[in-house]
Amino acid sequence: PGPPCLSTAQDVPPEVLRQREVKWLDMLSNWDKWMVKRHKKVRLRCQKGIPPSLRGRAWLYLSGGKVKREQNRGKFEELDSQAGDPKELDVIEKDLHRQFPFHEMFVSRGGHGQQDLFRVLKAYTLYRPEEGYCQAQAPIAAVLLMHMPAEDAFWGLVQICEKYLPGYYSAGLEAIQLDGEILYALTRRVSPLVYRHLEKHKMEPILYMTEWFMCAFSRTLPWASVLRVWDMFLCDGVKIIFRVGLVLLKCMLGTREKLKACQGQYETMELLRAIEPRYMQEGFLVREVLEVPVSERDVEREHHVQLKRWRKNRGELHCKSPPRMHGARAIMASEPPSRQDLRQNPTIIVESPLPPPQPTPQLKKGEKSKEEKSKKKGSMKKAPTVMEIPNPYPLAGDPQRDPQLPLRDPMPTLRNSTVQQPLVNDTPLPNTPEDSPPPHQPTLNDQSLLTVSPLQKSTQSLSSIEADQDTYL
């Protein structure tokens, strides 16, 4: 089967986008069931692209950050209130203005975007003091902050650092070097021509893939492509990062004509630093990534081979990283969430002005409720007297009412009629001709309403009577 989506996000019609939003809302409301029973469908929808309106929430669910936040309530506030290491904070401060400087969130020094980025990175240094701060964490946290509040971005960063890319940001960068060797070995299988060129010029993977992998391509690809890559990365794990790297290498160095322009290490590096835009275009890149034959098993198999070689040549790793989780399903299986952890919390809560409904009292056998009793009594009650309200704007021909006379009910027949319909709100009835002058509008003082009318003791509906007579009620 072909790739699920070859178009860009701008090409998706609004009605299709609305349909996708409805589907994602259903998945997020039943996340555990979808991940266990219909994970392939979740993956397919991530490959098509998560709707922008739900991307932040979906990323938090995919990464396991939602569950982590619920299981550690109050932790971020606790870390946020602490001072932090002055040395770490000084480095973080220097990096704030370098993250997406043209984005409206981070364009102003001291703006809310930079403040939240500082809070998230500081909190991580306190959460993992043995790891501290790494500059490559800043763009990761910035991308998350563009889609979610600071606390959610913090837990998303924790999951990426601990589950998706463990050891990447530790001192010595051993994990990224190991993944560089894995990428090198996979290149040999996927694109032998590129592999031979890199081997010929002694191109160490750490020279060209460090920023790609450590920043999850957030500083390399166009923004639309970054979002699509992250949709797949957070669903399927690090194999997506390897695939993107392999696609870029193959596109830039995969033909003999292109290799003729790269006669040395310097030329090759310059070429890989300036990827042609057509190869990074959203639709093209997603299609190529989905066609790369690299699976989780391939990555793990090569990891064991390279780890064995590393130990033989360099000894044991100095940084013991937790095992890598290949995507959302593996993360959920390692830490099964409760229904409470996955429950969606509304971001905006509006208090209702209505009082809460009163609980229905329990009735004894044979006892009748107050409503049933009032129904029987209601038929015997008399209609309440209606006070006559004088017309504040009487016409010249209206008779003057004697203030000494008692007030009378102007519409006794309508009140005693067996059919009670709502009054028409000052709207002329359809049978009134447009060219004829408007009929006389009676007021509450008009004596014509006080005479006995044909409506008395009538069972006709008001609508049928209105059709015969042009009346205003």
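Quick one: is Leu96 modelled with pLDDT of 95 or more and assigned to a helix (DSSP H, G or I)? No: the conditions fail for Leu96.
Within region 42-61, residues that are closer than 11 Å to Met148 by Cβ reach partners that are open to solvent by less than 10 Å² (accessible area, probe 1.4 Å) and outside any helix (DSSP H, G or I) with beta carbons closer than 6 Å, at six or more positions or on different chains, in the pairs Ala58/Ile50.
Among the conditions (1) at pLDDT 95 or above; (2) open to solvent by less than 10 Å² (accessible area, probe 1.4 Å); (3) not charged (D, E, K, R), Leu221 misses just one, which is (2).
Taking the conditions exactly as written (over 23 Å from Val292 (Cβ atoms), modelled with pLDDT of 95 or more, open to solvent by 10 Å² or more (accessible area, probe 1.4 Å) and in a helix (DSSP H, G or I)), does Lys122 satisfy them or not? Yes.
Residues that are surrounded by fewer than 19 Cβ atoms within 10 Å (Cβ to Cβ) and part of a loop (DSSP other than H, G, I, E, B) do occur in region 152-171. Val36 fulfils the conditions (1) open to solvent by less than 60 Å² (accessible area, probe 1.4 Å); (2) over 22 Å from Ala224 (Cβ atoms) except for a single criterion, (1).
Among the residues of region 315-335, the one identified as part of a helix (DSSP H, G or I) and open to solvent by 100 Å² or more (accessible area, probe 1.4 Å) is Arg329. Residues considered: Arg243, Arg219. Of these, the only one that is of a type outside the set (A, V, I, L, M, F, W, C) and not in a helix (DSSP H, G or I) is Arg219.
For (1) buried (at least 16 other Cβ atoms within 10 Å of the Cβ); (2) on the phi < 0 side of the Ramachandran plot; (3) among the charged types (D, E, K, R), each residue gets a yes or a no:
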{"position": "Leu44", "(1), (2), (3)": "no, yes, no"}
{"position": "Gln47", "(1), (2), (3)": "yes, yes, no"}
{"position": "Ile50", "(1), (2), (3)": "yes, yes, no"}
{"position": "Tyr61", "(1), (2), (3)": "yes, yes, no"}
{"position": "Val67", "(1), (2), (3)": "yes, yes, no"}
{"position": "Glu77", "(1), (2), (3)": "no, yes, yes"}
{"position": "Gln82", "(1), (2), (3)": "no, yes, no"}
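Within region 172-209, which residues are open to solvent by less than 40 Å² (accessible area, probe 1.4 Å) and acidic (Asp, Glu)? Selection gives Glu174, Asp179.
Of the residues making up region 68-85, not a single one is within 27 Å of Ser225 (Cα to Cα), outside any loop (DSSP other than H, G, I, E, B) and not β-branched (Val, Ile, Thr).
The residues of region 281-314 that are closer than 15 Å to Cys251 by Cα, open to solvent by less than 50 Å² (accessible area, probe 1.4 Å) and outside any helix (DSSP H, G or I) amount to a single one, Val292. For region 203-237, the set of residues classified as in contact (Cβ under 8 Å) with a residue 40 or more places away in the chain, over 26 Å from Arg57 (Cβ atoms) and of a type in the set (A, V, I, L, M) consists of Met203, Leu207, listed by residue number. Quick check: anything in region 264-280 open to solvent by less than 30 Å² (accessible area, probe 1.4 Å), part of a helix (DSSP H, G or I), more than 24 Å from Leu178 (Cα to Cα) and out of contact with any Phe, Trp or Tyr (no Cβ under 6 Å at 6 or more places or on another chain)? Yes, region 264-280 has at least one match.
The values are calculated or read from the model by the stated rules, or taken from the named source; none is laboratory data. Here the structure is a predicted model, which means the values were calculated and not measured. No Cβ is skipped: glycine too gets one built from the backbone with ideal geometry, and neighbour counts run over all protein chains shown. Surface areas here come from the heavy atoms of the whole protein model, side chains and all, with no ligands, DNA or RNA. Shrake-Rupley method; radii C 1.70, N 1.55, O 1.52, S 1.80 Å.
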